[in-house]
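For reference, the structure is listed below as structure tokens.
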Amino acid sequence: MADEYNIGLGNDDLETRKKAEFDFTSFWNDQAKQLSWFRPWTSTLDWKQPFAQWFVGGLINASYNALDIHQQTKATKPAILWEGENGESKVLTYKDLWIQVQKFANALKSLGVQKGDRITIYLPMVPELPISMLACSRIGATHTVVFSGFSSSSLKDRIDDSKSKIVITADGGYRRGSVVKLKEVVDDAIKDLDFVQNVIVLERTKNKIQLNSRDKLWNDLISESSEECEPEKLDSNHPLYILYTSGTTGKPKGVLHGTGGYLTHLHSTYKWAFDIKDSDIFFCTADIGWVTGHSYVVYGPLLHGATEVMYEGAPDFPDVSRMWDIIQKYKVTIFYTTPTALRMFMKYGDDLPNSFDLSTLRLLGTVGEPINPEVWKWYFKIIGKEKCPIIDTWWQTETGGMMISPLPGLETIPLKPGSATRPIPGVSISVVDEKGNDVAANTKGYLVIRKPWPGMLLTLWNDDEKYKNVYWSKYPNCYYSGDYAIKDEDGYLWLLGRADDVLKVAGHRIGTAELESSIVSHEDIAESAVCGVPDEIKGEKIIAFAVRKESSTKDIPTLRDEIIQKVRSGIGPIATPEQIYFVSKLPKTRSGKIMRRLLKAIASNEKIGDISTLEDGAAVSEVQSAFEELKKSIKKKQF
Ligand code: ATP
Ligand code: MG
């Protein structure tokens with residue numbers, strides 16, 4: 001029996017779930033009415049499996065819903081409290097943002113941008129990033145944001161795939177105190193891409209750049225443009241953006257999202273999950289280059305007229321207490337981050353967070369990876385001081401918004417550390433076996449989604465066939481998420497990682513998340529990753545990598561024995577790792593996910609292979625240095 005935490009915010013809306021269960025279409029129909037539409041829809045859902053069209057016939061604009069609707073009541077309210085990596089700060093009110101978006105939208109128009117054009121945005125975490133996105137959405141251009149840590153070849157692939165006519169970038173971006181020369185990366189990426197008509201360059205770091213004939217400076221463009229730009233009245237299913245997935249499991253996919261359905265999903269989940277109030281200061285640490293940043297830094301908070309902190313730099317710069325410093329400085333009330341970041345903070349002990357005033361916090365969230373119970377409890381106790389509910393939110397780039405999560409803004413339910421609890425209302429999720437039948441309680445299976453939902457992707461950009469193959473071919477009638485899960489006897493869902501990360505040892509299928517969680521439950525261990533390498537007898541044998549906490553003083557053989565003991569008693573002897581390697585960090589994608597494919601190649605002594613696939617989703621230099629470190633420690637046989 002897992003621990004239970006009865007901590008809520010006193011909300012107890014029983015009606016919403018009931019309505020959703022009764023009829024999910026009319027439920028979402030009601031939710032969509034909370035947005036501002038130029039023309040109502042004639043049909044709530046047009047479902048031609050696997051393609052869903054929501055709110056058909058409706059006309060809407062995302063930037064209008066994020067900005068214009070607040071001008072009567074919230075013009076002077078801060079929308080973005082921006083914190084630069086070097087400590088500088090800026091406040092943008094709803095009016096500031098509204099004006100800047102309109103000016104920039106006019107600038108885009110002056111370059112000939114039209115409804116339906118694709119625009120690649122390759123910017124650091126500066127206010128001009130959401131401004132660019134909202135300007136695109138204002139005029140009906142489809143934005144495709146590429147995380148600014150990507151190399152030129154990854155950027156090129158994405159610009160080429162989306163056939164973007166404009167690229168928006170900066171001279172440079174700050175990362176851990178140094179300048180990343182973004183403009184140079186763009187120049188390299190587009191040198192053979194003739195369809196790119198213009199590059200718009202924001203001067204952020206003022207490093208020297210070369211201006212080519214197709215380049216325009218951001219400031220020159222907006223200095224000439226008017227402050228008024230009427231929002232385009234767009235079809236509900238007009239493509240709002242393309243976003244490439246993290247590429248944890250392979251080549252990234254160009255996920256295409258629409259407008260009306262996506263915004264409805266975000267409006268509802270942002271309110272239910274974060275219980276947002278006018279006085280809240282919201283802080284989501286995700287980079288806007290990933291879906292969490294699109295949904296819960298840009299669109300979700302702005303739809304609600306919330307005030308949020310946006311941070312430019314690395315979470316550990318100038319040191320690992322930067323996040324706590326920001327929470328204290330801005331009196332943050334809601335904090336949303338990743339388990340990976342939490343494990344990093346936890347590694348450095350409790351004294352750092354304890355030396356800051358975190359008392360304004362009232363709600364904490366995580367996303368991106370399974371959160372192991374140890375980290376959950378640390379987050380709850382040390383950061384939330386045992387008074388903040390923790391929402392572990394499961395969702396994907398493809399789902400657009402949260403799908404499984406506690407919803408303190410709606411209802412109070414007991415929390416279980418490590419479980420994302422239940423699906424949100426109006427979403428139908430099952431855990432099934434190979435044949436698509438529901439598995440019994442407490443049995444591992446594949447997580448599938450049985451009915452369309454409003455934030456659902458429209459398709460994969462320019463590739464309906466791939467869309468069908470990836471998500472709709474394993475089971476004929478439901479969306480295949482690619483993740484493993486368990487539903488317990490109370491109906492709580494426990495995410496066990498990716499189905500293709502599963503280890504097969506002597507006929508047993510062992511989820512990587514389960515095993516890693518068991519290793520991290522050792523008090524000396526901060527992070528862990530496991531992978532399988534081929535074994536003639538067992539099929540696969542388990543290799544574990546572990547990162548020790550700063551405070552750990554135990555000798556390696558003792559630590560190793562203790563971890564093995566934990567795994568044997570927690571999961572069973574079958575899951576005993578063959579070897580445990582102690583390393584100082586693990587290779588991850590730039591979205592913070594462990595790249596087990598890479599570990600597997602290292603542990604099996606295989607060639608890492610084509611470096612370009614590694615690059616998909618990972619900053620090459622970071623992965624390579626982690627990889628070198630792993631190789632060295634393997635040579636030293638540190639186990
Ligand atoms: P790719 O599909 O290209 O391999 P990716 O799946 O890493 O990339 P994202 O869409 O950013 O790209 O990540 C979604 C995945 O993250 C989910 O499928 C799941 O594996 C994991 N995930 C997200 N949130 C949670 C969570 N709360 N608990 C467990 N896993 C989570
Ligand atoms: Mg995925």
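Results, tabulated for the structure shown:
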{"read-out": "Selection count where residues are under 31 Å from the mean Cα position of the chain (by Cα) and of a type outside the set (Ser, Thr, Tyr), scope the stretch 193-214", "value": "13"}
{"read-out": "Positions within the stretch 382-412 being within 17 Å of Leu495 (Cβ to Cβ) and within 16 Å of ligand 2 (Cβ to nearest atom), in sequence order", "value": "Thr393, Trp394, Trp395, Gln396, Thr397, Glu398, Thr399, Gly401, Met402, Met403, Ile404"}
{"read-out": "Some residue of the stretch 155-169 being in contact with a helix residue (DSSP H, G or I) (Cβ under 9 Å, 6 or more places away or on another chain), assigned to a loop (DSSP other than H, G, I, E, B) and either over 30 Å from Trp453 (Cα atoms) or of a type in the set (Lys, Arg) (or both)", "value": "no"}
{"read-out": "Only one of Glu369, Glu374, Glu398 that is in contact with a Ser or Thr (Cβ under 9 Å, 6 or more places away or on another chain) and part of a helix (DSSP H, G or I)", "value": "Glu374"}
{"read-out": "Counted residues, the stretch 321-341 - those being at pLDDT below 95 and hydrophobic (A, V, I, L, M, F, W, C)", "value": "1"}
{"read-out": "Gly455 being farther than 18 Å from Thr443 by Cβ, under 19 Å from the mean Cα position of the chain (by Cα), within 14 Å of ligand 1 (Cβ to nearest atom) and surrounded by fewer than 24 Cβ atoms within 10 Å (Cβ to Cβ)", "value": "no"}
{"read-out": "Yes/no for Leu363 being within 16 Å of ligand 1 (Cβ to nearest atom), at pLDDT 95 or above, out of contact with any Leu (no Cβ under 8 Å at 6 or more places or on another chain) and within 18 Å of Phe282 (Cβ to Cβ)", "value": "no"}
{"read-out": "Within the stretch 505-518, considering residues that are away from ligand 1 (no atom under 14 Å from the Cβ) and touching a Lys or Arg at 6+ places or on another chain (Cβ under 7 Å), the one farthest from Trp378 (Cα to Cα)", "value": "Ala506"}
{"read-out": "Selection count where residues are of a type in the set (S, T, N, Q), touching a residue at least 60 places away in the same chain (Cβ under 8 Å) and away from ligand 2 (no atom under 16 Å from the Cβ), scope the stretch 240-297", "value": "4"}
{"read-out": "Condition met for Ala314 (assigned to a loop (DSSP other than H, G, I, E, B), within 16 Å of ligand 2 (Cβ to nearest atom) and within 24 Å of Lys593 (Cβ to Cβ))", "value": "no"}
{"read-out": "Output for the stretch 198-250, where each listed residue is within 16 Å of ligand 1 (Cβ to nearest atom) and outside any strand (DSSP E or B)", "value": "Thr245, Ser246, Gly247, Thr248, Thr249, Gly250"}
{"read-out": "Residue within the stretch 467-476 that is assigned to a loop (DSSP other than H, G, I, E, B) and touching a Gly at 6+ places or on another chain (Cβ under 7 Å) present", "value": "yes"}
{"read-out": "Set Val320, Val367, Val375, Val332: member being surrounded by 22 or more Cβ atoms within 10 Å (Cβ to Cβ) and either farther than 22 Å from Ile276 by Cβ or without any contact (Cβ under 8 Å) to a residue 12 or more places away in the chain (or both)", "value": "Val375"}
{"read-out": "Matching residues, the stretch 391-410, being more than 21 Å from Ile449 (Cβ to Cβ) and either more than 16 Å from ligand 1 (Cβ to nearest atom) or surrounded by fewer than 23 Cβ atoms within 10 Å (Cβ to Cβ) (or both)", "value": "Gly409"}
{"read-out": "Where Thr421 falls short, out of the listed (1) of a type in the set (Ser, Thr, Tyr); (2) under 28 Å from Leu240 (Cα atoms); (3) away from ligand 2 (no atom under 16 Å from the Cβ)", "value": "(2)"}
{"read-out": "Test set (1) surrounded by fewer than 22 Cβ atoms within 10 Å (Cβ to Cβ); (2) away from ligand 1 (no atom under 15 Å from the Cβ); (3) modelled with pLDDT under 95; (4) farther than 22 Å from Val255 by Cα - Val502 fails condition number", "value": "(2)"}
{"read-out": "Selection count, the stretch 61-88, where residues are within 20 Å of Trp453 (Cα to Cα) and either without any contact (Cβ under 8 Å) to a residue 60 or more places away in the chain or out of contact with any strand residue (DSSP E or B) (no Cβ under 6 Å at 6 or more places or on another chain) (or both)", "value": "1"}
{"read-out": "Residues of the stretch 251-277 satisfying the condition of being within 16 Å of ligand 1 (Cβ to nearest atom) and part of a loop (DSSP other than H, G, I, E, B)", "value": "Lys251, Pro252, Lys253"}
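The values are calculated or read from the model by the stated rules, or taken from the named source; none is laboratory data. For clarity, every value in this text was computed on a predicted model and none was experimentally measured. Every residue, glycine among them, receives a Cβ derived from its backbone with ideal geometry; neighbour counts consider all protein chains shown.
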